[in-house]
1. How large a share of the accessible area of the range 2-116, in percent, is made up of carbon and sulfur atoms when the probe is 1.4 Å and the other protein chains stay in place?
2. Which residues' amide hydrogens lie under 5 Å from the amide hydrogen of Lys120, considering only partners 5 or more residues apart or on another chain, with H built in the peptide plane?
3. In Å³ and rounded to a whole number, note down the convex hull volume per residue for the Cα atoms of the range 1-80.
4. Just in the range 49-144: which GluC sites (Glu not before Pro) are loop by DSSP and have at most 10 other Cβ atoms within 10 Å?
5. Per DSSP H run of n ≥ 4, the term is -39500 (n - 2.57); total these for the chain, divide by its residue number, and report the mean residue ellipticity at 222 nm rounded to 500 deg cm²/dmol.
6. Per residue, what accessible area does the chain have, given a 1.4 Å probe and all protein chains present, in Å²?
7. For a test of the definition: using alpha carbon positions, the gyration tensor, and the 1.5 limit on a/c, classify the range 25-66 as rounded, prolate or oblate.
8. What are the ³J(HN,Hα) couplings of the range 30-47, residue after residue, when phi is run through the Karplus curve with 6.51, -1.76, 1.60 and θ = phi - 60°? Round to Hz, x for glycine and proline.
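The values are calculated or read from the model by the stated rules, or taken from the named source; none is laboratory data. Since this is a predicted model, take the numbers as computed values, not measurements. Glycine also receives a Cβ, built like all others from the backbone with ideal geometry; neighbour counts cover every protein chain displayed. Side chains included, ligands, DNA and RNA excluded: accessible areas come from the protein's heavy atoms. Shrake-Rupley method; radii C 1.70, N 1.55, O 1.52, S 1.80 Å.
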Amino acid sequence: MTTTTPSPAHRVLGTPPAAPERAAAYFAARLAFHTDVSDVAAALATGGDPGFVLVDSRSSGSWDQGHVPGAVHLPTALIPATAAALLDRSVPVVTYCWGPGCDGGTRAALALAEQGFHVKEMIGGFEYWVREGFAYETREGTERREADPLTAPRATDDCGC
């Protein structure tokens, strides 16, 4: 007689959760590779040295359309030839591109890691920087949009997470 474990009625638990120690290791590792827009904004807002350099890996046209204040413009295609001259390997780098639908920040982070830089990717990219209501620079000057209530809390800068 064969005994089978009943399958759940939905896919959420179709693959059971990892053991707590494996989950802790995974999530700790994930935080070593990623940071989010709010944490980057908070670090930059301190006014001092945030301890990292922020790299916008998009094209010149995209940079002109809008970028995070204080970011360094270094398109991914130029990283192999110019990163060593622009960046200090002793300073961690945080990369970003357009948004969660774009792997440009990931490709830039990979290119920098392959050159010996300590690197993280800012998840959400420029899209979530703008959607969360942070100021950004364009060719015409500084702009800011109202925070999207689906991405940032109303009437506070702290989401509590």
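1. Values: 4210 of 6980 Å².
Carbon with sulfur: 60 percent of the solvent-accessible area.
2. Residues meeting the criterion, in which the H sits 1.01 Å from N, are Val93, Val94, Thr95.
3. Numbers: hull volume 17.9 nm³, N = 80.
For the range 1-80, the hull spanned by Cα atoms encloses 224 Å³ per residue.
4. On the way: sites: Glu114, Glu121, Glu127, Glu132, Glu137, Glu140, Glu143; in loops: Glu132, Glu140.
Those that pass, being in a loop and sparsely packed, are Glu140.
5. Numbers: 6 runs with 55 residues, N = 161.
Mean residue ellipticity at 222 nm (helix-derived): -9500 deg cm²/dmol.
6. Numbers: 10320 Å² over 161 residues.
Per residue, the chain has 64 Å² of solvent-accessible surface.
7. Details: a/c = 2.73, a/b = 1.42, b/c = 1.92.
Note, shape of the range 25-66 comes out oblate.
8. 4, 5, 6, 9, 10, 9, 10, 4, 4, 5, 5, 4, 5, 5, 5, 6, 5, x
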